[in-house]
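Just below is one structure, and these are the notes that go with it.
The values are calculated or read from the model by the stated rules, or taken from the named source; none is laboratory data. Note that the structure is predicted; figures quoted are calculated from it, not measured. Because the Cβ atoms are built from the backbone with ideal geometry, glycine has one as well, and the counts that use them run over all protein chains shown. Please note that ligands, DNA and RNA were not included when accessible areas were found on the heavy atoms of the full protein model with its side chains. Shrake-Rupley method; radii C 1.70, N 1.55, O 1.52, S 1.80 Å.
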Amino acid sequence: MADKTIKIAYLYEALMNTYGDSGDVKVIRYLLDKQGYQTEVDNISLDDKFDANDYDFLFFGGGQDFEQTVVAKDLPRHKETIENYINAGNPMLCICGGYQLMGDYYKTNSGITIKGLGILPLHTVFKADKRMIGDTRYMTEWGEVKAFENHSGQTYFDNTDMLHPFGEMIEGYGNNPQDKVEGLRYKNFIGSYSHGPLLRNTNVANAIVKMILERHKERTANEVESV
């Protein structure tokens, strides 16, 4: 059954699971099970060894400023393997804090700058006077999404030729109050501020499952060739 087993890496689940973001992984597992696939989920925590090339899907949830500070100190060990995985067009979903940490930095309310991985050209600034909270609706290439957002971090793209929004806002704030867009799409990487979880929107969940199965086919074929 090795060729029917999907491998998922959940980055820092114990620290980055705001508003039940683990529900996204549960939805993916359910949809894969419906298609006859087994799933193995490895929770990658502080000091753990990790090679993204071993996986079919990476997930990174959200966290508060303190948790992000802790994770940011450990995360750089994995920059090369995550960056190679993303640039190869493999599927990854990052929510809220996980999304922010893929960028260059996150400036907190206290003025502390949390350094991100710098894989994607974006930055985030905490603005206490604008809490972006409530129901959100936006249009993606896979149709409309309904979710929930709760953040004061405002994210801005530093290279709009490379990065594209995940969705166009209908209701709510998304990345920031000015740009009227939600999240990020780069190759098969998706970053989003959507909790709820996001993947209760099965149109998006099914699209990600398709990416995962394509990645799985490629990964297992490479493993056979290397034997």
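With the requirement that a residue be assigned to a loop (DSSP other than H, G, I, E, B) and either open to solvent by 10 Å² or more (accessible area, probe 1.4 Å) or of a type outside the set (F, W, Y) (or both), what does segment 179-201 give you?
From segment 179-201, those assigned to a loop (DSSP other than H, G, I, E, B) are 179-180, 183, 187-188, 193-194, 196-197, 201; that's our starting set.
Within segment 179-201, D179, K180, G183, K187, N188, S194, G196, P197, N201 meet the criteria.
Residue by residue through segment 202-219, note down the ones that are out of contact with any Gly (no Cβ under 8 Å at 6 or more places or on another chain) and open to solvent by 30 Å² or more (accessible area, probe 1.4 Å).
T202, N206, K210, L213, E214, K217, E218
Within segment 124-145, can you find the residues that are open to solvent by 20 Å² or more (accessible area, probe 1.4 Å), at pLDDT 95 or above and aromatic (F, W, Y)?
W142, the sole residue that qualifies.
Which of the residues belonging to segment 23-46 are under 19 Å from M102 (Cα atoms) and surrounded by fewer than 16 Cβ atoms within 10 Å (Cβ to Cβ)?
Across segment 23-46, the qualifying residues are N43, S45, L46.
Could you tell me whether segment 92-105 includes any residue that is in contact (Cβ under 8 Å) with a residue 40 or more places away in the chain, among the aromatic types (F, W, Y) and over 27 Å from T220 (Cα atoms)? Step through it out loud before you land on a result.
Let us first name the residues in segment 92-105 that are in contact (Cβ under 8 Å) with a residue 40 or more places away in the chain, namely 92-104.
Now drop any that are not among the aromatic types (F, W, Y), which leaves 99.
From what's left, over 27 Å from T220 (Cα atoms): 99.
Yes, there is a match, as at least one residue in segment 92-105 is in contact (Cβ under 8 Å) with a residue 40 or more places away in the chain, among the aromatic types (F, W, Y) and over 27 Å from T220 (Cα atoms).
Working only within segment 89-117, note down all residues that are open to solvent by 70 Å² or more (accessible area, probe 1.4 Å) and under 18 Å from M162 (Cβ atoms). It would help to see each step written out before you state the result.
Here is the first cut: in segment 89-117, the ones open to solvent by 70 Å² or more (accessible area, probe 1.4 Å) are 105, 107, 109-110, 112-113, 115.
Of everything in segment 89-117, just one residue is open to solvent by 70 Å² or more (accessible area, probe 1.4 Å) and under 18 Å from M162 (Cβ atoms), namely Y105.
Using the structure shown, decide if N159 is assigned to a loop (DSSP other than H, G, I, E, B), of a type outside the set (A, V, I, L, M), buried (at least 20 other Cβ atoms within 10 Å of the Cβ) and without any contact (Cβ under 8 Å) to a residue 40 or more places away in the chain. Steps first, please.
Details: assigned to a loop (DSSP other than H, G, I, E, B): yes; of a type outside the set (A, V, I, L, M): yes; buried (at least 20 other Cβ atoms within 10 Å of the Cβ): no; without any contact (Cβ under 8 Å) to a residue 40 or more places away in the chain: yes.
When the stated conditions are applied, N159 does not pass them.
So, of the residues in segment 1-19 that are of a type in the set (A, V, I, L, M, F, W, C) and at pLDDT 95 or above, which turns out to be farthest from the chain's Cα centre (by Cα)? Give the steps one after another, and end with the answer.
Restricting attention to segment 1-19, the residues satisfying the condition of being of a type in the set (A, V, I, L, M, F, W, C) are 1-2, 6, 8-9, 11, 14-16.
Pick out the ones that are also at pLDDT 95 or above and you get 6, 8-9, 11.
Working: I6: 18, I8: 13, A9: 11, L11: 10 Å.
For segment 1-19, the residue satisfying everything is I6.
If I filter segment 88-99 for residues that are among the polar types (S, T, N, Q) and not in a loop (DSSP other than H, G, I, E, B), do I get at least one hit? Break it down into steps so the answer makes sense when it comes.
Initial filter on segment 88-99 (among the polar types (S, T, N, Q)): 90.
So of that shortlist, the ones also not in a loop (DSSP other than H, G, I, E, B) come out as none.
No, segment 88-99 has no match at all.
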